[in-house]
Amino acid sequence: MRPMLELRHIVKHWQAPGAEPRVLLDGLDLQVKSGDAVAILGPSGSGKSTLLKIIAGLEAADSGQVFCAGQDISTMPAHLRRFALMFQDFALFPHLSVQDNVAFGLVEQGQSRGQARAQALAMLQRFGMAAHALGRVWQLSGGEQQRVALARALITRPRVLLLDEPFSALDAQLRTSMRAEFAQHLASAPMAVVWVTHDEAEARAVGARGLELQAGGLQQRW
Ligand SMILES: Nc1ncnc2c1ncn2[C@@H]1O[C@H](COP(=O)(O)OP(=O)(O)O)[C@@H](O)[C@H]1O
Ligand SMILES: [Mg+2]
């Protein structure tokens, strides 16, 4: 079967103002099947976020292709890819209720507000967050905000879920309990997951396969 996500020979340079161009991604290849989660490790500045942005369609590679289920989507706009992203700063909407944050993607897809809210409530129930449905996101703790962010990402049934250091704003103890909880939620959804982190313990807990971004390529760690 074709992998849900495939990167072929992605090249990306970065040039800081006044500096020599530097190769960040140097012919990088990656395949992730639906139902699989890979963890990508690498120190700060190694290009992990750039890689996720290229997969998401938020940034263009200098060369190389991105495929989804066998289709070349390299030039497809981000909003048409049916991918979901979760970044470290949760980027929830402060002016919307918790429930409407989760419902947002469904309304964008054309569902009625009533239907979207009902589905959002069911999703919040799965995450143990139904009691907060009508509250505001800024009333929630950091861990609760991350739960809402994941609920919001999963409700659209993405083909690919991209997580960029989702727990870096949480304290160590909470990170440990949340990664187990998240891994469980992800395992039940049919999508390809790419989880970026610089924390090896987190990577091992969430990724059946661990890859390290090194010198512009991915080396298998486990
Ligand atoms: N749009 C950009 N603005 C500033 N720096 C960038 C940009 N794109 C890439 N870079 C540079 O590329 C390198 C990799 O960045 P990034 O992908 O964020 O790495 P990581 O997520 O692994 O920390 C950094 O050294 C950064 O300075
Ligand atoms: Mg980063």
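The values are calculated or read from the model by the stated rules, or taken from the named source; none is laboratory data. What you see is a predicted model; the values in this text were computed from it and never measured. Cβ: placed from backbone, ideal geometry, glycine included. Neighbour counts: every protein chain shown. Side chains are part of the model used for accessible areas, which takes the heavy atoms of the whole protein and leaves out ligands, DNA and RNA. Shrake-Rupley method; radii C 1.70, N 1.55, O 1.52, S 1.80 Å.
Shown for segment 28-99 is the translational diffusion coefficient from the Stokes-Einstein equation, using the Kirkwood radius over Cα pairs, a temperature of 4 °C and a viscosity of 1.567 mPa s: 91 µm²/s. A 1.4 Å probe over all protein chains sorts Asp199, Asp89 by accessible area into Asp89, Asp199, starting with the largest.
Rounded to 0.05, the FRET efficiency of the Ser112 and Ala189 pair, given R0 = 35 Å and the Cβ-Cβ distance, is 0.90.
Per-residue accessible area (protein heavy atoms, 1.4 Å probe) orders Lys53, Lys12 as Lys53, Lys12, starting from the largest.
The alpha-carbon atoms of segment 91-157 define a convex hull whose volume equals 74 cubic angstrom per residue. The solvent-accessible area of Glu59, taken with every protein chain present and a 1.4 Å probe, is close to 60 Å². Shape of segment 1-53 from the C-alpha gyration tensor: prolate (a/c of 1.5 or more and a/b above b/c, with a ≥ b ≥ c the square roots of its eigenvalues).
Ligands, DNA and RNA excluded, the heavy atoms of Ser177 present near 70 Å² of accessible surface to a 1.4 Å solvent probe.
Kindly sort Trp195, Trp14 by accessible area of their heavy atoms, largest first, with the probe set to 1.4 Å. It would help to have the intermediate numbers written out before the result.
On the way: Trp195 0, Trp14 140 Å².
Listed by decreasing accessible area, they come as Trp14, Trp195.
Here the dipole of the chain is about 680 debye; that uses its Cα centre as origin and unit charges on the Cβ of Lys and Arg (positive) and Asp and Glu (negative). Segment 128-144 and segment 1-19 have Cα centres spaced 36 Å apart.
Near Gly217, the amide H atoms lying under 5 Å from its own belong to Asp26; only residues 5 or more places off or on other chains count, and H is placed 1.01 Å from N.
Tell me what the chain gives for mean residue ellipticity at 222 nm when only DSSP H runs of n ≥ 4 count, each as -39,500 (n - 2.57), the sum divided by the residue total, rounded to 500 deg cm²/dmol.
Dividing the helical sum by the residues of the chain leaves -9500 deg cm²/dmol.
Across segment 35-48, computed HN-Hα scalar couplings (Karplus, 6.51 cos²θ - 1.76 cosθ + 1.60, θ = phi - 60°) run x, 9, 10, 10, 9, 10, 9, x, x, 4, x, 7, x, 4 Hz from first to last residue, x flagging Gly and Pro.
Taking every DSSP beta bridge that has both ends in the chain, the antiparallel portion is near 55%. Shown here: the chain, whose C-alpha atoms stretch 51, 41, 39 Å along the first, second and third principal axes, sorted largest to smallest. When the chain is treated as a Gaussian network with alpha carbon springs shorter than 10 Å, the biggest mean-square fluctuation among Asp36, Asp164, Asp72 belongs to Asp72.
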